[in-house]
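What follows is a set of notes on a single structure, which appears directly below.
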Amino acid sequence: MVAQVQLVASIGAAASVLNLGVSAGRFAMVLLSLKRMESKIEDISTELQVLAMHHDASFLGRCSHALRRADEAFSLVAPAERRRYWQEADKDLGLLIEEGLQIIEGQGLPLEGPSSTAMTGESRLRTLSVPAVVETLRWLATFSTARAEVLLCLGHARLAGQVSARLADWLAPLPRSAKELAMAQLAGRTLAPSQVQSVTRLAKATSSLVADGHQVAAARAALCHDLETAGVDTTEHMLRLRDDPNAQVLAWTAHR
């Protein structure tokens, strides 16, 4: 069980994975997962053997390829070629999202459709206490976040908003009480103090992933709608963000 907990230890940074700098009335489209993709790819490669028990190697390989293509596009001079790279990344990420949905449904946590609607709160709580399920959910959130950023690079604010809204819908009904998640994983067992601490950390990380992820995804969806309505050139905005020499957070403020 400790090994399983360690498997998803990285979700302790769930807020940074999903954090897009959204605050009251402000939309900061942070390219952390794309701008620093070289290190992210290395992290994915390092985790590959550990994650193989839950995800096929080709699944993560295609994830690495899609994210790398999205990042490489920024170095291209020709707009048409840059757009082609982003379009390829968008297609790959879209397929990865659909495959991830199939995987997590097979793990017992359908996120869409009648099967999801029929789930009780207790069954969701019990399933989400399984580390492998949390890991798949984290990947789905990462894929969705990356795809929304790619769509903004392509100038498709409306579609980016739809992707974000879909993620928010997945997370909305999931349990987010760290105490209840920990109790569900313990299931009345008596464990060593170190194991209890690991379970508690996992529960807190899962709670953050669900609660913060939902809040950010919903805010991004709403603000993408504002970008679309205002006719903002999101491609130009994302390029400026990437080229900022001081790595400052640039933001577009929506005035309602």
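Report the calculated FRET efficiency for GLN215 and SER75 (r = Cβ-Cβ distance, R0 = 22 Å), to the nearest 0.05. Show your work: numbers first, answer last.
Numbers: r = 33 Å, r/R0 = 1.51.
The calculated FRET efficiency here is 0.10.
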Exercise for the section: Could you check the simple spin-label distance between ALA118 and VAL196, using points 7 Å along Cα→Cβ, in nm with one decimal? Expected result: 3.9
Practice task
Please compute P(r) over all alpha-carbon pairs of the range 91-230, binned at 5 Å starting from zero, and give each bin as a whole-number percent.
Solution key: 2, 11, 19, 20, 18, 13, 9, 5, 3, 1, 0, 0
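In square nanometres and to one decimal, what's the mean projected area of the convex hull around the Cα atoms of the range 107-181? Please list the in-between numbers first.
On the way: hull surface 20.6 nm².
The number I arrive at for the range 107-181 is 5.2 nm².
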Handout entry: Protection-proxy order for peptides 161-173, 142-154, 226-238, each taking the mean of Cβ atoms within 10 Å per residue, highest first
Key = 142-154, 161-173, 226-238
Handout entry: Cα→Cβ-extended label distance, 7 Å offset, between SER177 and ASP233, nm
Key = 5.1
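Every read-out reported here was derived from the displayed coordinates using simple, explicitly stated rules and does not represent laboratory data. All values reported here derive from a predicted model rather than from experimental measurement. We place every Cβ from the backbone using ideal geometry, glycine too, and count neighbours over all the protein chains shown.
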